[in-house]
Amino acid sequence: MDRLTGRDFMDLENFTREELLMILETSRDLKLEAKRGYYYPYLKHKSLGCIFDQPSTRTRVSFELGIQQLGGYVTYLKPGEIHLGRKESIKDTARVLSRFFDAIMIRWNNYAEMKELADYATVPVINGMTEINHPCQALADIYTIMERFDEIRDKKVVFFGDRTQPAHSLGMICSKLGLNFVHCCPEQYKILPDYT
């Protein structure tokens with residue numbers, strides 16, 4: 001896990017198959033501990049800043065609950081409470097938030113701005129969703145598949161719907177992990193070839 005320490009989680013293509021499996025296996029271990037009623041404070045005295053440019057239910061709750069169950073603290077910065085790139089420069093915001101938090105999770109509808117935040121932040125930045133991808137959702141989807149099958153390589157994953165952020169990220173993670181990804185939709189709504 002050490003080789004993941006301090007890294008941003010912005011795009012699935014920046015991680016190897018082995019690194020993604022390591023993240024998924026760690027998630028499995030943490031879930032097994034939780035089922036036994038045991039929450040080890042791996043994140044004791046650690047803080048996560050969560051930035052959202054629009055309301056969120058599942059992403060917000062999963063991050064807040066997960067961090068808290070592991071002993072950490074979460075600060076939720078809701079839409080309108082942060083001036084990222086508007087009244088304050090992205091560079092300045094990144095540097096200030098890096099002094100307050102041990103990591104930043106951001107759900108922002110502008111990938112370029114999120115990437116700029118990550119470039120200037122001195123703490124890891126986690127992509128909670130952009131207009132083009134949703135890597136955390138793809139991890140959750142693959143984790144669900146792993147709970148059902150002992151071996152996931154060569155399994156077929158079928159996504160019904162248009163080219164949404166989860167579709168792009170699911171196609172990418174399937175190609176990384178050796179799953180066969182099928183996108184079912186009219187031709188004009190298919191995901192771009194870069195994501196499969």
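Laboratory data are not the source of any read-out in this text; all were calculated from the coordinates shown. This one's a predicted model, so the numbers in the text were calculated from it and none came from an experiment. Counting neighbours? That spans all protein chains shown, and the Cβs are built from the backbone with ideal geometry, glycine included.
Take the conditions among the aliphatic types (A, V, I, L, M) and touching a Gly at 6+ places or on another chain (Cβ under 6 Å) and apply them to Leu84. Does it pass? Here the answer is no, as Leu84 does not meet what is asked.
Yes or no, residue by residue, for (1) among the hydroxyl-bearing types (Ser, Thr, Tyr); (2) surrounded by 14 or more Cβ atoms within 10 Å (Cβ to Cβ):
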{"site": "Leu24", "(1), (2)": "no, yes"}
{"site": "Tyr40", "(1), (2)": "yes, no"}
{"site": "Leu43", "(1), (2)": "no, yes"}
{"site": "Ser47", "(1), (2)": "yes, yes"}
{"site": "Phe52", "(1), (2)": "no, yes"}
{"site": "Arg60", "(1), (2)": "no, yes"}
{"site": "Leu65", "(1), (2)": "no, no"}
{"site": "Gln69", "(1), (2)": "no, yes"}
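Picking from residues in region 130-150 that are under 17 Å from Leu192 (Cβ atoms), in contact with a strand residue (DSSP E or B) (Cβ under 9 Å, 6 or more places away or on another chain) and not hydroxyl-bearing (Ser, Thr, Tyr), the one that is surrounded by the most Cβ atoms within 10 Å (Cβ to Cβ) is Pro135.
Of all the residues in region 10-47, those that are under 21 Å from Asn110 (Cβ atoms), out of contact with any Leu (no Cβ under 9 Å at 6 or more places or on another chain) and hydrophobic (A, V, I, L, M, F, W, C) number 1.
Screening region 83-171 for strands (runs of 3 or more DSSP E) wholly inside it with 1 or more residues that are more than 21 Å from Leu21 (Cα to Cα) returns the ranges 103-107, 156-160. If the condition is being assigned to a helix (DSSP H, G or I), basic (Lys, Arg), over 18 Å from His134 (Cα atoms) and touching a residue at least 40 places away in the same chain (Cβ under 8 Å), then region 1-50 contributes only Arg28. Considering only region 62-70, I want to know if a residue exists there that is closer than 18 Å to Ile106 by Cβ, of a type in the set (Asp, Glu) and touching a Cys at 6+ places or on another chain (Cβ under 8 Å). Yes, because at least one residue in region 62-70 is closer than 18 Å to Ile106 by Cβ, of a type in the set (Asp, Glu) and touching a Cys at 6+ places or on another chain (Cβ under 8 Å). Thr144 fulfils the conditions (1) touching a helix residue (DSSP H, G or I) at 6+ places or on another chain (Cβ under 6 Å); (2) among the polar types (S, T, N, Q); (3) free of Cβ contacts under 8 Å to residues at least 40 places away in the same chain except for a single criterion, (1).
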